[in-house]
Amino acid sequence: MSEEIMYTLKTSEMPKQWYNVLADMPNVPQPPLHPGTGQPIGPQDLAPLFPMALIEQEVSAERWIDIPQEVLDIYALWRPSPLHRARRLEKVLGTPAKIFYKYEGGSPAGSHKPNTAVAQAYYNKKAGIKKIATETGAGQWGSAMSLACNMFGLELLVYMVKVSYEQKPYRRSMIQTWGGKVIASPSNTTNAGRKILEKYPNSTGSLGIAISEAVEVAATNADTNYALGSVLNHVLLHQTVIGLEAQKQMQMAGAYPDVVIGCCGGGSNFGGIAHPYVADKAHGKKVRIVSVEPASCPSLTKGIYAYDFGDTAQLTPLIPSFTLGHDFVPPGIHAGGLRYHSVAPITSQLYLDDVIEAASYPQLECFEAAVTFARSEGIIPAPESSHAIRHAIVEARNAKEEGKERVILFNLSGHGHFDMGAYDNYFAGKLIDDSMDEAGIERALKAIEPLPKPKGYTGRPKGVVAV
Ligand SMILES: *Cc1c(COP(=O)(O)O)cnc(C)c1O
């Protein structure tokens, strides 16, 4: 008999409820504020963009929320996802640590994102919505949403940042294969897009502009809603199927993690693996929980806790978050999904209250970790996921130095099959470690000083780094 390396659950063992971490947090996040009035926003402010069921989930204090059968039926196409024991990686590292990873790359879109896309499409369909407008950078979210809209018979319009539309055609093709319509942003289909094109005819676009275009379409068409792939409470909620499954699978493996790790862009895959363990911690379990971000976009480790806009165009409510400032433009690192100036209010509050830790790494170390992983475990990780791997390896090396066993669990949020250009650049020696743009961060943080301040604001980074 070979040693056990994969822990799988039956379809019938899939979680039937999502876990809402708001029920177990020492302090719940402070409310988002209306940018005009400075007052907390209410359901009526969100109603033009989201169906009421999702708005209710956004503010719900219930610990458990039922997953609709129709959503479970789609999840069953790839869930429960496997938990692996990385025995070959452990050998390569010569570590006494036991390394486990949950693999979300087996979804049709290749990442964790369909876990929320499917739920969002379902609630929109049920509310009588015909069409979703959304934005995508490198195409991970757009492709997940296209898969989900196809499953529920919704039309989809994706504003894709022009530079990615032209340089990364394959996720665009995925969106089209599942029936979504892709428009390069900025476009002449919206006022926001036309305004940019008038001023900058050769604009290659940005996520901020693409968001403006999608929100405009949703806000001005009664049958159209908007969908967001991270940051919001309901998005993190939907992702908790990852951690809930992992808890059962770790039990099958007869192990409990000393440390749980996820990479962090907006905070959704991190929340997905982490929140069920936050519950354990709230009930007395000893477990460390670490969020890992790029050194060049270090929202938790170098940002300040403040009210800030969620987007460059200043269209969103003010959200309480660790932020580098909405004006901050991170360098063009290859983990595009982690290039977000702030993090989810829930993730921020957990960090503020020392429930979770944070670490950051430059991209070259992350690619090195990704290659070590691919050459031992086989799977080629997404550049985003490689940040979690990098930290798992650091934890494993520390365990070796201390001569102690340590159980490490991380979330492998996606595969890297559409990011091979980044690997090519890495092997050709063309990738560099963009140093952190200190001046850029300072400038962007100055710009948000006049905004209202949340409780806990100090004007300084918290700067706690794991390990
Ligand atoms: C989008 C993405 C991320 C980052 O998003 P979060 O909101 O932080 O989860 C991480 N990994 C992969 C593979 C992604 O596609």
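A few points about this structure:
- Among residues that are modelled with pLDDT of 95 or more and within 11 Å of the ligand (Cβ to nearest atom), S321 is not included.
- Top-ranked residue in segment 66-117 [being under 17 Å from T11 (Cα atoms) and of a type in the set (V, I, T); ranked as surrounded by the fewest Cβ atoms within 10 Å (Cβ to Cβ)]: I67
- All helices (runs of 4 or more DSSP H) inside segment 165-271 with 1 or more residues being touching a residue at least 24 places away in the same chain (Cβ under 8 Å) and within 16 Å of the ligand (Cβ to nearest atom): 169-177, 207-220, 233-239, 241-252
- Selection status of A119, within 14 Å of the ligand (Cβ to nearest atom), at pLDDT 95 or above and not in a loop (DSSP other than H, G, I, E, B): no
- For beta carbons closer than 7 Å, sequence separation of 6+ or different chains, a first residue in segment 329-345 that is in contact (Cβ under 8 Å) with a residue 40 or more places away in the chain and a second that is of a type in the set (K, R) and within 13 Å of the ligand (Cβ to nearest atom), the qualifying pairs are P330/R339; I333/R339.
- Which listed residue is within 24 Å of G105 (Cβ to Cβ), under 13 Å from the mean Cα position of the chain (by Cα) and assigned by TED's automatic domain parsing to the domain that holds V71, from Q247, Q239, Q251: Q239
- With respect to the conditions (1) at pLDDT 95 or above; (2) within 14 Å of the ligand (Cβ to nearest atom); (3) crowded, with 24+ Cβ neighbours inside 10 Å; (4) not in a strand (DSSP E or B), Q349 falls short on a single one, namely (2).
- Y103 being under 23 Å from A388 (Cα atoms) and in contact with a Leu (Cβ under 8 Å, 6 or more places away or on another chain): yes
- Residue check, G105 among the small types (G, A, S) and within 16 Å of the ligand (Cβ to nearest atom): yes
The values are calculated or read from the model by the stated rules, or taken from the named source; none is laboratory data. Since this is a predicted model, take the numbers as computed values, not measurements. Here the Cβ is made from the backbone with ideal geometry for all residues, glycine too, and neighbour counts use every protein chain on show.
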